[in-house]
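Taken together, the values in this text are just the output of simple stated rules run on the coordinates, not laboratory data. As the structure is a prediction and not an experimental result, all values here were calculated from the model. Virtual Cβ from ideal backbone geometry, glycine too; neighbours counted across all protein chains shown.
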Amino acid sequence: MRRQKVVRCAIVVFCLLAAARPVRPADQISVRTLVPTFTSSTSLGANASTILALRLWTTLRPRPNPNPKDLYFGSGQIEWSERVIESTPDAANQMALETGSDLALWGGVEEYGSGIVVLANLRVVRDRPATDTLQKWVVKFRDQRIELRLPSNNYQFSPLVIPKDVAAKYSRPNQITVCEQKSPDCAGRRLGSPFRSIRIDGDFALVRQPSGATGWVLLPDLSQAQGEVIDFTAALISYLRGDFEQAEQLFSRVRDSRTDSLVHNDATLLAGVSRFRRGEGIDGVRSAHEQNPYSRFGVQALVMANISMAQAAQSGESRTANLKEANSLIESYRHLFSDTDPWLVGVVRSLSPPN
């Protein structure tokens, strides 16, 4: 009982939920990202995690704008906790499981001159069926169901520097004031949880509280906490929610950045996959594979894209060309897979000519 009480009282949840039309069963997509307090010798660990949580929250759109296809991406949740966890992927995974989260953004903070250096990591939660389902890209061809998950469960980001004066404004999310009008200062109530974002307008966000009341919160200088940590994490959240347009945009920022990033290759691949999955062609996947031809995920993604195009074509020269490219890739890179690899077995069976 004591453990449950600690978790319940320590968590502040941010939700971006739909408000415009009834939710159909297929729309009930919920991706939750845990942001625990970062380790630090001072209180700045809480400030850093608060900034990252709020910054991620501003990226959780329920629909694109414009929206001619009537797309809806369900709900996104950013869950902030004042708990500090042991700085290991397994500890992050365990805490995420306890809170029903799909991702965990965790790390540490160090002071450096007039700023703070945030050393962040991202964990895609294992042993959670909902997370496993969200990350699958499924292609059905002939009598085979071929599934491709994300290229990694763990990501380590380049250091993010946040000015101390910006960090000082955010001690924890529930210290933010809600005002009736856009105002940098008012005698309003504190932000409750969960709350819903209605829209973002510059440094202000219009939110709806659990009571139904609406108001404006000021979130100044959050743009200074963008960088690779937010771009990649927000892109991955978008990908899991099916918002492939925003996922491509954000993964592309990481791909095109000049930093020597540990997540560059995966960002390049996932940008191409996101582009393909939103119906914009195979060239992005093919280009990503050519940049890193010995990436297993790159080979898998290009094979999946070709099979998907063959399935859509049903017949004709383009279908034949797609199947030929898929077969050629398997032949050239088969040594990257074990003979019993489930993905390889399914692909080989699907590409075998029917009797």
Could you count how many Lys pairs in the chain have their Cα atoms under 30 Å apart, skipping same-chain pairs fewer than 8 positions apart? 7
Segment Ser352-Ser257, length gained on full extension (0.36 nm per residue, minus Cα span): 30.1 nm
Grab the DSSP H runs of the chain that are 4 residues or longer, score each as -39,500 (n - 2.57), total them, divide by all residues and round the 222 nm result to the nearest 500 deg cm²/dmol. -12000 deg cm²/dmol
In nm, what is the difference between 0.36 nm times the number of residues separating Asp283 and Leu97 and their Cα-Cα distance? 63.2 nm
How far apart, in nm, are the 7 Å Cα→Cβ label points at Asp203 and Ser114? 1.7 nm
Cα shape, the chain, gyration tensor, a/c 1.5 rule: prolate
Pseudo-spin-label distance Thr320 to Asn174, built 7 Å along Cα→Cβ, given in nm, is 6.7 nm
Extension gain from Thr133 to Ser332, taking 0.36 nm per residue of separation minus the Cα-Cα distance: 68.7 nm
